[in-house]
């Protein structure tokens with residue numbers, strides 16, 4: 001008889017909507033993912049900003065180039081050096 005009761009309780013609990021704490025946890029996970037993505041973009045933006053500054057000074061100091069702001073790099077983390085100013089990749 002105990003087995004029937006435990007089976008019934010398992011079915012009832014499985015059909016109940018998630019508790020508010022579980023929904024809060026899902027929201028916290030999404031918020032954490034968003035924060036990680038923002039942090040990653042900020043760090044990559046800083047890395048590209050500093051690398052572009054160094055590469056411009058090293059490979060093409062005579063080319064007139066106004067470096068975008070750090071915020072621009074953080075919005076879209078990528079190199080913004082002018083064409084022909086990037087160092088050749090070594091394979």
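No lab work stands behind these numbers, since they all come straight from the coordinates. A quick note: this is a predicted structure, and the numbers were derived from the prediction, not measured. Glycine also receives a Cβ, built like all others from the backbone with ideal geometry; neighbour counts cover every protein chain displayed.
Summary of values
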| quantity | calculated |
| --- | --- |
| By average C-beta atoms within 10 angstrom, highest first, the peptides 76-85, 28-37, 41-50 | 41-50, 76-85, 28-37 |
| Inter-label distance, nm, simple model (7 Å from Cα along the C-beta direction), residue 43/residue 75 | 2.4 nm |
| Relative contact order (%) - segment 31-79, alpha-carbon pairs under 8 angstrom, separation at least six | 58 percent |
| Label-point separation, residue 65 to residue 51 (7 Å along Cα→Cβ), nm | 1.3 nm |
